[in-house]
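Heads up: the structure comes next, in structure tokens.
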Amino acid sequence: MTAKLPPGLQLEKEDDKIMTLNVGPQHPGSGHMRLIIKVDGDFIVSCDPDPGYVHRGEEKMAEYRNYITNIPHLERPVIHDSCNILYPYVLGVEELLGLEVPERAKYIRVIAAELNRIVYTLYWLGIYGIFLGHSTMFMWPMGDRELAIDLLEKLTGARVTHSYFVPGGIRNDAPANFEDVCIRQVNYLEKRLRTYGDIFYDNPILIARTENTGILTREDAIRLGTTGTVLRASGVDFDIRTKEPYDVYDELDVHTNVLKNGDSYDRSKTPWLDMLESCNIIRQALEKMPKSGSVRVKLKPNPKGGDDEVYKRVESGRGSLGTYIVSRSKPEPYRLKMSVGSFRNLICLPYLLKGEKLGNMPAVYWSLNYWPVEADR
Amino acid sequence: MSVIAPKFKLSYFIKSLTDNIFWIIVLLTLIGIPIIMIVLIFVDLPVHDGELVNPFLAFTMIFHPELAVPFLKSIIYSDFFKIAAFPGFGFAALLAAATIFAERKLLAKMQLRVGPFYCGKFEGILQLMGDGLKLISKEIIIPAKADKPLFWAAPVLFVATAAAFVALIPVAPGWVVADLDLGLIAVFAVIGFFPIITVISSWSANSKYPFIGGIRALHQMVSFEIPLILSLLGVTILTGTLSLSEIVHAQENYWLIVFLPIGAIVFFISMLAELERIPFDLPEAESEIVAGWLTEFSGMMYGLVQLGSYIKLYAFAGLFVVLFLGGWQGPMVVPPFPEEIITEGIQAGPITVQIAGLPIVSQEMLNGTLWFTLKTVAVIFFILIPRGVFPRIRIDMLLSIGWNKLIALAFVNMFIAVGLIYAGILGPGGIW
Amino acid sequence: MSDTDSRKQEETETKLVVEKQDDLPKFEKEQSNKITEKFGSKTEIAFVKPDRVRVNVKKEDILEVASFIRDELHYDHAESVTGIDFPTDKEIEVVYHLGSYTDPKLGRQVLSLATRAPREDVPNPGNDSTRLPSLRDIFYSVEFHERECFEMLGVFFEGHPDNRRLLLPEDWADLPPLRKDFKIKGR
């Protein structure tokens, strides 16, 4: 049986026409993972994703650290989206410990989370550009990302690994002139983002290349349990920010971007629309934010949760991000599980790539908004 | 205490100096003198005043500059100079290097970055030299199961074929390495070598990604050669010749792009595909097949392939200029050579020298070279621009463009050419 | 310490919360009632909180309950599959978090379906008694999650087509790493 063999050893010839390609981990178009792809001519016969090259055992490590010291390492899976990946954990711990977050902290959290979504998505977009051979689309987002990173640096003090959210609020208040700088930079960023449409999303070659490739129908998207941009590109209106609003998202006007076709083009366009929506949300939040006030609840050292469990989820750049914390009256969580969007979307890969052309592989693979490090945890 | 040479001793230093001198003398006598002998036997040395140039004559040239002019002339008009330096390889390599630098800076400006910046005092102008040195100094790794002779031969053959292509391009009136009556056919013959070399190298590497890349390159080049050749039928119909020099002569009044714009567009797109430039760089698509047929090349072997591909780029741009943009034709902008230097000589301090045989190259040649270079650079610019604007396309889209659209357009172009002649606009009695 | 003690009391109260009908969120209560009506004593409603319901079932009944949840309650996908090791109980718990995309009323809801498998002290993943029926035929989306659960805790899912390693190295020969007796060095 081939099922007994480790994946890398399935190289014996089943058919002379079929060639096995190891796409990754040392391949410019794979990221930190391996795709074992069998091709018949130019067509992919089967695809077996083999993640785990950057598995760090975050869940096991979390069982050894208390609720506060877990913060810095739990954001490591996606350092570009570190606020969002920490968000459900912090919300869960707050529910476990029964903390009430100050209003200003909630708004600043939303701003930081949306800025982080922009930072992550621009990085993703840059790589999507270079995967399709569009080098300008690689450089522009990488440069414009600096605007959002600068804002986050002003807010949190770190460029990527912020460790900004803590149970009971945020680590420190925003600096004095943050609001003016933020609104100016976000306005400029939005202007830049709109130019991406001209050079990338309206590009006839890009449209011809990604349209009708790797189509994920609405039924399949639901059946496979996909999430985030992949789900919304397939026509399912599901965004945790509107369906189950956390913090102050229920007071903001969040528009969910839903596209219909579910092909690579729609999947690549949804994150871009999301970024534009993020700019809107940040502007609203800056307007409604209380101008002063406490941002953090005083915590007892080494807090303990009860005999309880909590499952919290937020909408990250890659989709719904859930954290399941089982507490057994100890300072450490008994079990912590991160249900991440990348891992949930991974199941689409063998499904979508089967029967696709080899040239479509990067277009389909990266349109899944997949982040190998997050999927491995 | 010096960090660079912590154990410096004067005696060791003198010993190393004498050692070096010893080895230089030994190597020169053992290798240098035989080489000089071989050169003397096989190469026609320039003749001056009925006798061969000897060291004594060369020495006297320092004190009698007028003796140097015929010598220089005989060198410049020799075949070896033509092949190695001016219309041939050296000129092409220089333009190719300039192209690489311009491409990097241009792309950087498009992408809101600075590009090469630190190497060399001005704007990273020495970056290419640094890259070349790095490539030369790198170890050449050959896959264990590769077919070694073929694998070694492929980059060399690639550069050689590109240089052969360059040899056919006329740069100025009379300045072409090989002025063939059937120049256009020779161009197609040379282009036909590239897919073969690609397949040889990709097959001999015995690796999967080069193999896929080689097959893609084969598909791409073979299927785009057909529209490439068909688009040039219009040119031959209108000019009635296959010689590249005569095609240029025929465009004295009107450039052919005026009459055959469709042919020029078809030729340009096919050219991009033949050159494997974005958006047609599928054989090197790094996100799909690593580096395509270049995957297993390392060190200077990779450098040779890159050099060859940029020389090929220059040659194709030059071919486009020759065929559609009137080659060296252009208004005379180079000032005529001052007569008084020939009649009265150069006054330099206390010395007045009257030099016979000036000017070394004619005014037409300088003017032609200038216009040819300007036009070629413009065409190269248009070849480089798509890299910043377009993503890569897929192999099936590429083949469908080549086989369906471009071939149809090439036929349309041919009918336009025939129609122009039958309508009497061109040809005998027409405006041309 | 008094604070934690009082919280412990609260926790004991939440365990009894099923009997206090008034404070419970209404919609979630309806959901849990549907399950108890259909299956009676086979299922145990562990808690009903706002937007979160947890149902404990035995491993023999899980396929039946899962089908009911999919067909009648319209939960259509699994968000995560979590394995939790309880060495004191000699059991491994597997929790499926189920959500719904098709039913707009269920947008906020996450239903936890938990079951337990026997645990062996000397595990031999795939060949010992730590087995559960796979839910892949009911919720297709659990495929990779169950693979992860298999390698991390050694729970073999019967009926799963592809019980292979996913994240761990191919030559992993140690204990399944998320079991409690697998200790991180230096901790």
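The values are calculated or read from the model by the stated rules, or taken from the named source; none is laboratory data. For clarity, every value in this text was computed on a predicted model and none was experimentally measured. Positions of Cβ are generated from backbone atoms using ideal geometry, with glycine treated the same way; all protein chains shown enter the neighbour counts.
For residues that are assigned to a loop (DSSP other than H, G, I, E, B) and within 22 Å of the chain's Cα centre (by Cα), scanning just segment B:288-303, find the one that is farthest from B:Ile100 (Cα to Cα).
Residue satisfying both the conditions and the ranking: B:Phe297.
Within segment A:135-183, which residues are under 17 Å from A:Ile108 (Cα atoms), without any contact (Cβ under 8 Å) to a residue 12 or more places away in the chain and among the small types (Gly, Ala, Ser)?
Within segment A:135-183, A:Ala158, A:Ala176 qualify.
Please tell me if A:Thr161 is within 11 Å of another protein chain (Cβ to nearest Cβ) and either closer than 22 Å to A:Gly92 by Cα or in a helix (DSSP H, G or I) (or both).
No: the conditions fail for A:Thr161.
Hey, any hits in segment A:278-297 for a residue that's at the interface with chain C (Cβ under 8 Å from one of its Cβ atoms), among the hydrophobic types (A, V, I, L, M, F, W, C) and in contact (Cβ under 8 Å) with a residue 12 or more places away in the chain? It would help to see each step written out before you state the result.
Step one: list which residues in segment A:278-297 are at the interface with chain C (Cβ under 8 Å from one of its Cβ atoms), which gives none.
There is no residue in segment A:278-297 that is at the interface with chain C (Cβ under 8 Å from one of its Cβ atoms), among the hydrophobic types (A, V, I, L, M, F, W, C) and in contact (Cβ under 8 Å) with a residue 12 or more places away in the chain.
Looking at A:Glu100, A:Glu94, A:Glu114, which is the one that is surrounded by fewer than 24 Cβ atoms within 10 Å (Cβ to Cβ), charged (D, E, K, R), in the same structural domain as A:Ser367 (by TED's automatic domain parsing) and part of a helix (DSSP H, G or I)?
Residue meeting the stated conditions: A:Glu94.
Restrict the check to segment A:226-241 and report whether at least one residue is under 20 Å from A:Lys288 (Cα atoms), in contact with a Phe, Trp or Tyr (Cβ under 9 Å, 6 or more places away or on another chain), within 14 Å of chain C (Cβ to nearest Cβ) and hydroxyl-bearing (Ser, Thr, Tyr).
Pass one, segment A:226-241, residues under 20 Å from A:Lys288 (Cα atoms): A:241.
Checking the rest, the ones that are also in contact with a Phe, Trp or Tyr (Cβ under 9 Å, 6 or more places away or on another chain) come to A:241.
The next check asks that each one be within 14 Å of chain C (Cβ to nearest Cβ); those that pass are A:241.
Keeping just the survivors that are hydroxyl-bearing (Ser, Thr, Tyr) gives none.
There is no residue in segment A:226-241 that is under 20 Å from A:Lys288 (Cα atoms), in contact with a Phe, Trp or Tyr (Cβ under 9 Å, 6 or more places away or on another chain), within 14 Å of chain C (Cβ to nearest Cβ) and hydroxyl-bearing (Ser, Thr, Tyr).
Taking the condition away from every other protein chain (no Cβ under 12 Å) and either surrounded by fewer than 22 Cβ atoms within 10 Å (Cβ to Cβ) or under 12 Å from the mean Cα position of the chain (by Cα) (or both), does C:Arg116 pass?
yes
Among all residue pairs at least 6 apart or on different chains, which show Cβ distances below 6 Å where the first residue, located in segment B:137-154, is of a type in the set (A, V, I, L, M) and the second is outside any helix (DSSP H, G or I) and surrounded by 10 or more Cβ atoms within 10 Å (Cβ to Cβ)?
Once the first residue is of a type in the set (A, V, I, L, M) and sits in segment B:137-154, its partners that are outside any helix (DSSP H, G or I) and surrounded by 10 or more Cβ atoms within 10 Å (Cβ to Cβ) give B:Ile140/B:Ser298; B:Ile140/B:Gly299; B:Ile141/B:Ser298; B:Ala146/B:Asn206.
Within segment C:153-181, can you find the residues that are surrounded by 15 or more Cβ atoms within 10 Å (Cβ to Cβ) and more than 11 Å from every other protein chain (Cβ to nearest Cβ)?
Answer for segment C:153-181, where residues must be surrounded by 15 or more Cβ atoms within 10 Å (Cβ to Cβ) and more than 11 Å from every other protein chain (Cβ to nearest Cβ): C:Gly154, C:Val155, C:Phe156, C:Phe157, C:Leu175.
Enumerate the helices (runs of 4 or more DSSP H) found wholly within segment C:1-96, keeping only those where 2 or more residues are modelled with pLDDT under 80, more than 11 Å from chain A (Cβ to nearest Cβ) and closer than 25 Å to A:Met338 by Cα.
Numbers: elements: C:2-15, C:26-39, C:62-71.
Here the list is empty.
Please enumerate the residues belonging to segment B:205-240 that are on the phi < 0 side of the Ramachandran plot, part of a loop (DSSP other than H, G, I, E, B) and either within 24 Å of the chain's Cα centre (by Cα) or without any contact (Cβ under 8 Å) to a residue 24 or more places away in the chain (or both). Please lay out each step first, then the result.
Narrowing segment B:205-240 to residues on the phi < 0 side of the Ramachandran plot: B:205, B:207-239.
Next cut, part of a loop (DSSP other than H, G, I, E, B) only: B:207, B:232.
B:Leu232 - this is the single residue of segment B:205-240 that is on the phi < 0 side of the Ramachandran plot, part of a loop (DSSP other than H, G, I, E, B) and either within 24 Å of the chain's Cα centre (by Cα) or without any contact (Cβ under 8 Å) to a residue 24 or more places away in the chain (or both).
Give just the number: which of (1) closer than 24 Å to A:Ser135 by Cβ; (2) buried (at least 20 other Cβ atoms within 10 Å of the Cβ); (3) at pLDDT below 90 does B:Val379 not satisfy?
Result: B:Val379 passes all but (3).
Exactly one of these conditions fails for A:Pro245: (1) over 21 Å from A:Leu286 (Cβ atoms); (2) free of Cβ contacts under 8 Å to residues at least 12 places away in the same chain. Give me its number.
Failed condition: (1).
Being in contact with a Phe, Trp or Tyr (Cβ under 9 Å, 6 or more places away or on another chain) and in a helix (DSSP H, G or I), is that true of even one residue in segment B:324-341?
There is at least one residue in segment B:324-341 that is in contact with a Phe, Trp or Tyr (Cβ under 9 Å, 6 or more places away or on another chain) and in a helix (DSSP H, G or I).
Would you confirm whether or not segment C:130-146 contains a residue that is outside any helix (DSSP H, G or I), away from chain A (no Cβ under 12 Å) and among the small types (Gly, Ala, Ser)? Reasoning before the result, please.
Keep residues of segment C:130-146 that are outside any helix (DSSP H, G or I), which gives C:130-139.
Right, trim to away from chain A (no Cβ under 12 Å) and you get C:130-134.
Subset that is among the small types (Gly, Ala, Ser): C:134.
The answer is yes, given that some residue of segment C:130-146 is outside any helix (DSSP H, G or I), away from chain A (no Cβ under 12 Å) and among the small types (Gly, Ala, Ser).
Among residues belonging to segment B:264-282 that are within 18 Å of the chain's Cα centre (by Cα) and within 12 Å of chain A (Cβ to nearest Cβ), point out the one that is surrounded by the fewest Cβ atoms within 10 Å (Cβ to Cβ).
Within segment B:264-282, the match that is surrounded by the fewest Cβ atoms within 10 Å (Cβ to Cβ) is B:Arg277.
Is it true that B:Ala285 is within 20 Å of the chain's Cα centre (by Cα) and either over 30 Å from A:His27 (Cβ atoms) or within 12 Å of chain A (Cβ to nearest Cβ) (or both)?
no
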